[in-house]
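Report on one structure; see the data block that follows.
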Amino acid sequence: MRWRRKRRSGSWIAALFLFFLVTVPGWELFLRPSALAAQPLPHWNARETAVPPSPSDDAVLGRPLALALDGERLYIADALDCAVKVFSTEGRFLRSIGRKGQGPGELSFPSGVCVSGGLIAVADKLNFRVQLFDREGKAAGGFKLPFAPDRILALNGRRFLVTSNPTAKRAGEKLLHIYDREGGIIWEGLEPRTSLDPVKDAFRNMILVCAGSEGDLYVIFRSGERTVRRYSSAGNLVEAIDVDPAYAFRNVETPDAGHGRLKLAGFCWAADFDAGFFYLSPPEVLDGKDLGPGRTICVVDPRGILRSVVGLPCAVHRFLVAGDRIFAIDDEGSLRIFEVDR
Amino acid sequence: MKKFLILSLASLILVASAAPAVNNQTDCNTNHVKCREYVLNLDEPWYKVAVMLTGCDVAFGKCMLGI
């Protein structure tokens with residue numbers, strides 16, 4: 001009798017569990033996080049918005065390396081023209097900031113740009129410094145760096161994140177550096193991966209950085225690792241988000257480049273973070289033996305689950321997402337603007 | 001005597017080859033860093049990048065050896 005009662009209560013619990021499993025939304029995801037990936041992903045199309053032509057030669061981008069948005073203005077760091085080109089969000093060219101040189105207001109191979117507190121901060125790579133400009137394009141100070149800066153992001157509390165590529169020439173090199181606006185170092189972290197092969201190391205240490213919504217930042221390795229690392233604005237590692245296996249590596253083995261065969265597990269060509277979602281562009285396999293920029297952008301949620309794929313009409317090298325709009329740089333180095341139909 | 005000759009000849013060669021190398025070391029390093037940064041920002045397919053990075057390393061080696 002006692003045994004029967006026990007069995008009955010057990011079956012009741014099982015029935016209740018099954019009931020919740022079937023009826024309560026989200027339970028399936030809780031038990032099987034990749035359940036969504038198994039379902040066909042929604043595919044969003046990107047409609048292109050025509051960029052108005054400009055009579056000015058300055059509107060032509062030489063080698064655009066970074067984009068930043070501030071309200072209605074889009075800033076693009078142009079390394080070849082040694083300037084920051086300013087466009088409206090409709091793509092109309094407004095002005096050019098900076099010129100080639102080493103003095104105040106002059107740039108040499110600008111590779112990163114961001115906007116913070118009304119100031120435009122530029123990673124002035126070959127001058128080994130960060131230069132600040134006001135909105136009118138006048139030089140507003142800056143600070144020297146002991147390395148060639150790569151990308152720059154604005155963080156909370158008047159701080160900047162500056163990234164660098166390791167050179168193996170300085171002891172204790174780091175990939176991430178947080179500075180205050182006066183150039184005081186606040187934090188340095190993320191040690192580069194080193195081996196005896198400098199070419200392999202160059203690929204293994206290629207990172208992408210995105211600003212989070214709360215002043216935090218995300219770091220994504222372009223190859224070999226499928227995680228997104230989240231750091232606080234003080235430099236503390238908050239979490240490492242594993243990206244859904246449905247977002248596959250693009251593996252290639254490049255032919256001999258003097259260092260034997262180089263196996264590359266390409267993960268991400270370009271990335272951005274907007275409104276709580278990661279936008280990761282997987283590299284595309286070219287002729288079965290190389291990796292280049294891709295024609296898709298994968299939308300990944302903060303838990304790492306792949307939510308949808310945005311198809312683009314062309315390969316994009318860099319992009320910036322703002323709501324339903326994607327500002328991208330294509331193969332020709334031209335600005336392209338897309339509206340996403342969700 | 002033979003040992004002394006070999007040693008002095010070796011030290012002469014070393015000093016002679018080291019002098020210009022030391023002078024150029026900073027330039028070599030700076031140019032190597034610039035070369036790599038330039039290549040890494042080309043945004044070209046990775047095979048091409050790998051070949052060009054190798055080119056930077058070869059150029060750096062030649063610069064350090066004064067070739």
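The values are calculated or read from the model by the stated rules, or taken from the named source; none is laboratory data. As the structure is a prediction and not an experimental result, all values here were calculated from the model. Glycine gets a Cβ as well: all are built from the backbone with ideal geometry, and neighbour counts include every protein chain shown.
Among the residues of region A:309-323, just one is away from chain B (no Cβ under 14 Å), under 17 Å from the mean Cα position of the chain (by Cα), more than 22 Å from A:Val219 (Cβ to Cβ) and not β-branched (Val, Ile, Thr), namely A:Gly323. Return the residues of region A:254-274 that are modelled with pLDDT of 90 or more and facing another protein chain (nearest Cβ under 10 Å); say none if nothing qualifies. Answer for region A:254-274, where residues must be modelled with pLDDT of 90 or more and facing another protein chain (nearest Cβ under 10 Å): A:Gly266, A:Trp269, A:Ala270.
Scanning region A:227-245 turns up no residue that is under 30 Å from A:Cys114 (Cβ atoms) and within 14 Å of chain B (Cβ to nearest Cβ).
Per-residue answers, yes or no, for (1) crowded, with 17+ Cβ neighbours inside 10 Å; (2) touching a strand residue (DSSP E or B) at 6+ places or on another chain (Cβ under 7 Å); (3) farther than 25 Å from A:Lys169 by Cβ; (4) of a type in the set (D, E, K, R):
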position	(1), (2), (3), (4)
A:Gly71	no, no, yes, no
A:Ser111	yes, yes, no, no
A:Cys114	yes, yes, yes, no
A:Gln131	yes, yes, no, no
A:Ala139	no, yes, yes, no
A:Gly142	yes, yes, no, no
A:Ile152	yes, yes, no, no
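For region A:184-220, give me each residue that is within 14 Å of chain B (Cβ to nearest Cβ) and among the hydrophobic types (A, V, I, L, M, F, W, C). The answer is A:Leu196, A:Val199, A:Ala202, A:Phe203, A:Met206, A:Ile207, A:Leu208. Residue check: is A:Val209 closer than 30 Å to B:Met52 by Cβ, crowded, with 21+ Cβ neighbours inside 10 Å and at pLDDT 95 or above? Answer is yes for this residue. Taken over region A:91-126, the criterion of being among the hydroxyl-bearing types (Ser, Thr, Tyr) and more than 13 Å from chain B (Cβ to nearest Cβ) is satisfied by A:Ser96, A:Ser116. Pairs only if they're at least six apart or on different chains, beta carbon under 7 angstrom, first in region A:186-201 and surrounded by fewer than 16 Cβ atoms within 10 Å (Cβ to Cβ), second aromatic (Phe, Trp, Tyr) and modelled with pLDDT of 90 or more; list them, first residue then second. Correct list of pairs: empty, since none qualify.
Quick check, is A:Asn251 closer than 24 Å to A:Leu41 by Cβ and either within 14 Å of chain B (Cβ to nearest Cβ) or in contact with a helix residue (DSSP H, G or I) (Cβ under 6 Å, 6 or more places away or on another chain) (or both)? When the stated conditions are applied, A:Asn251 passes them.
Being crowded, with 16+ Cβ neighbours inside 10 Å, within 12 Å of chain B (Cβ to nearest Cβ) and either in a loop (DSSP other than H, G, I, E, B) or not small (Gly, Ala, Ser) (or both) is the filter here; which residues of region A:156-173 pass it?
Correct list: A:Thr163, A:Asn165, A:Pro166, A:Thr167, A:Glu173.
Residues that are in contact with a helix residue (DSSP H, G or I) (Cβ under 8 Å, 6 or more places away or on another chain), facing chain A (nearest Cβ under 7 Å) and under 18 Å from A:Asp331 (Cβ atoms) within region B:42-60 comprise just one, B:Trp46. Within region A:311-342, the residues that satisfy the criterion of being modelled with pLDDT of 95 or more and β-branched (Val, Ile, Thr) are A:Val316, A:Val321, A:Ile326, A:Ile329, A:Ile337.
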